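The values are calculated or read from the model by the stated rules, or taken from the named source; none is laboratory data. Just so it is clear, the structure is predicted and the values come from calculations on it, not from any experiment. Backbone-built Cβ (ideal geometry, glycine too); neighbour counts: all protein chains shown.
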Amino acid sequence: MNQYSVTSSSVVKEKASELGFHKVGIAAVDRLDAIETQRLQAWIELGYHADMEWMANPKRQNIRLVMPEVRSLVCVALNYYTPHQHPKGEEYAKISRYGWGRDYHKVMHKKLKQLSTWLESLDAGVKARYYADTGPVQDKVLAQLAGIGWIAKNGNVITREYGSWVFLGEVLTNLELESDRPHTEHCGSCTRCLQACPTGAITQPFVVDANRCIAYHTIENREEKLPETITPHLQGWVAGCDICQDVCPWNQRFAQTTDIKEFQPYPGNIAPQLLELAQISDQEWDKRFPASALRRIKPEMLRRNALANLDASRQRMTPKVIIFDFDGTIADTVDALVSIANRLAVDFGYRHISPDQLALLKNLTSREIIKYSGVSLFKIPFLVKKVKGELKNKIPELKPIPGIKEALIELQNHGYKLGIITSNSKENVTEFLTINDLNHLFDFIYSGITIFGKTTIINNVLRQKQLKPQEVIYVGDETRDIEASKKANIQVIAVTWGFNSPEVLAKQNPDYLIQQPSELLEVMNSH
Ligand code: SF4
Ligand code: SF4
């Protein structure tokens, strides 16, 4: 027995298990052949390593440049899975599982050191050097060669026993050890990770383009801003990204809770608030991430990542649908409605409206007008019906508010969906829109029977179209429009070109008060 065969693979493996490694295998150095090296070289030539220059280190392609006397590679894996789940909700930041607990380098190094020291203690001539994600070693290729698991289509190493939630480590030694058979690949026809990746970073099976990968950008990219191609897809990730691992059926079926206490998450790491991380000071960062792999993400990077998520979520919440009132907001119907109202005054028992009184009415809220008019409440539905009927005859004479058509076209060109909610009849509105060549601009028209029923209609629209209140904004010319929008919890733009005066509209505190249709786009763009 010479110094290179003072022990056997099975004894080394037993020792590794005793030290707490969950998987151990031996890779044959001479099998580290051209194929894997070529694969790495091709990936680098495509520029898929982004600016991770260490990936192009020639030592990665020749293990003998790392340790000339190397004969065997002892590869190990530590399971780090804990059964906690990533937070749901736009306000939370997501941290990849690898960073939840104590820095894996520290845990891994301690055990690797023990294994190396033990190996070197076997004979004075035995040499051992260890690495855990820090040296110029192709750890995934080695893990596959050593039979630990296979390099999967998402680029991670999957083990049969723990899925891909494992940290890898290696001990290079001059000992002659019997090697294991390389692991076979078991992704089969599955493509779940390719489909789930929000940025399309897995350009083809087994090829991950770091330039498109959220994990790369949140951990390695040191630029002041993240690329615009990435930010809309962050989905809350501020440190790494587990999406392509979470969807993997091997992880879903075989993940096991680790027995390593240090990998249990630090309390604040599972569901931190994005707002809190966006403002974290350098000192707080230092206190909050002690002995953590997350320290690679410097405070300014963490703030940048959290801010990018907040911006993206704000953008998603920007109103996409604009709902218009019809009478007085799109169609100039005020005069027509006053003349109809005057004609019906005697029949319905309310006061005739003179031009002076009209000026006065414009300063009253919708409820005050009803009170002032003296019309009995129970007659209102009949009155509304009658007015709608009479208005029908006047539709061909009605004109759009000056400038509204141009404003609507601009809004549509900017991607907003437009709709109408009105207490006028759908028939009247459709006819008006058709005559004035406006019908193609609107996605929907909803009509309500009652004067104060707009809140219900708004809520129905939100439900039917599966919209969040933040995605919708209402545009109306009357105080009752403001009232209805507030009750439905949506923002409102009050316009002064319709029935109510600017003063009474302002008193109702709309979110915006505008004088001309051309201001609509400015308001929308200001979100
Ligand atoms: S880590 Fe995220 S962004 Fe990167 S490949 Fe996986 S799913 Fe895509
Ligand atoms: S999701 Fe499917 S294709 Fe992707 S790594 Fe897992 S098994 Fe392989």
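In the range 150-179, the residues that are in the same structural domain as residue 190 (by TED's automatic domain parsing) and at positive phi reach residues that are away from ligand 2 (no atom under 13 Å from the Cβ) and assigned to a strand (DSSP E or B) with C-beta atoms within less than 9 angstrom, at least six apart or across chains, in these pairs: 163/79.
Here's the yes/no breakdown for (1) closer than 18 Å to residue 17 by Cα; (2) assigned to a helix (DSSP H, G or I); (3) touching a Lys or Arg at 6+ places or on another chain (Cβ under 9 Å):
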site	(1), (2), (3)
64	no, yes, no
69	no, no, yes
83	no, no, no
111	yes, yes, no
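Where helices (runs of 4 or more DSSP H) sit wholly within the range 155-254, those with at least 3 residues that are surrounded by fewer than 18 Cβ atoms within 10 Å (Cβ to Cβ) and within 16 Å of ligand 2 (Cβ to nearest atom) occupy 192-196, 249-254.
If we keep just the residues of the range 139-154 that are closer than 20 Å to residue 215 by Cα and within 12 Å of ligand 2 (Cβ to nearest atom), which is surrounded by the fewest Cβ atoms within 10 Å (Cβ to Cβ)? So, considering only residues that are closer than 20 Å to residue 215 by Cα and within 12 Å of ligand 2 (Cβ to nearest atom), the one surrounded by the fewest Cβ atoms within 10 Å (Cβ to Cβ) is 151.
Residue 54 falls short on exactly one of the conditions (1) assigned to a helix (DSSP H, G or I); (2) more than 21 Å from residue 183 (Cβ to Cβ); (3) at pLDDT 70 or above, and that condition is (3).
Check 336, 345, 306 and return the single one that is in a helix (DSSP H, G or I), in contact with a strand residue (DSSP E or B) (Cβ under 6 Å, 6 or more places away or on another chain) and of a type in the set (A, V, I, L, M, F, W, C).
On the way: 336 fails: in contact with a strand residue (DSSP E or B) (Cβ under 6 Å, 6 or more places away or on another chain); 345 fails: in contact with a strand residue (DSSP E or B) (Cβ under 6 Å, 6 or more places away or on another chain).
None of the others qualify; the one that does is 306.
For the range 409-422, residues that are touching a residue at least 40 places away in the same chain (Cβ under 8 Å) and not in a strand (DSSP E or B) total 5. Would you check if residue 282 is surrounded by 15 or more Cβ atoms within 10 Å (Cβ to Cβ) and touching a helix residue (DSSP H, G or I) at 6+ places or on another chain (Cβ under 6 Å)? Taking the combined requirement at face value, the residue does not satisfy it. A residue that is hydroxyl-bearing (Ser, Thr, Tyr), touching a strand residue (DSSP E or B) at 6+ places or on another chain (Cβ under 8 Å), buried (at least 23 other Cβ atoms within 10 Å of the Cβ) and in the same structural domain as residue 407 (by TED's automatic domain parsing) occurs somewhere in the range 480-498. Taking first residues from the range 456-471 that are closer than 17 Å to residue 491 by Cβ and partners that are in a helix (DSSP H, G or I), the Cβ contacts under 6 Å between residues at least 6 apart in sequence or on separate chains come to 470/317.
Which residue out of 117, 134 is away from ligand 1 (no atom under 16 Å from the Cβ), of a type in the set (Ser, Thr, Tyr) and in a helix (DSSP H, G or I)?
Every option except 117 fails the conditions.
Of the residues examined, residue 375 is not one that is part of a helix (DSSP H, G or I) and crowded, with 18+ Cβ neighbours inside 10 Å.
Restricting to the range 303-346, count the residues that are of a type outside the set (A, V, I, L, M, F, W, C), over 20 Å from the mean Cα position of the chain (by Cα) and surrounded by 20 or more Cβ atoms within 10 Å (Cβ to Cβ).
5
Checked across the range 452-473, the condition of being surrounded by 20 or more Cβ atoms within 10 Å (Cβ to Cβ), under 31 Å from the mean Cα position of the chain (by Cα) and not in a helix (DSSP H, G or I) holds for at least one residue.
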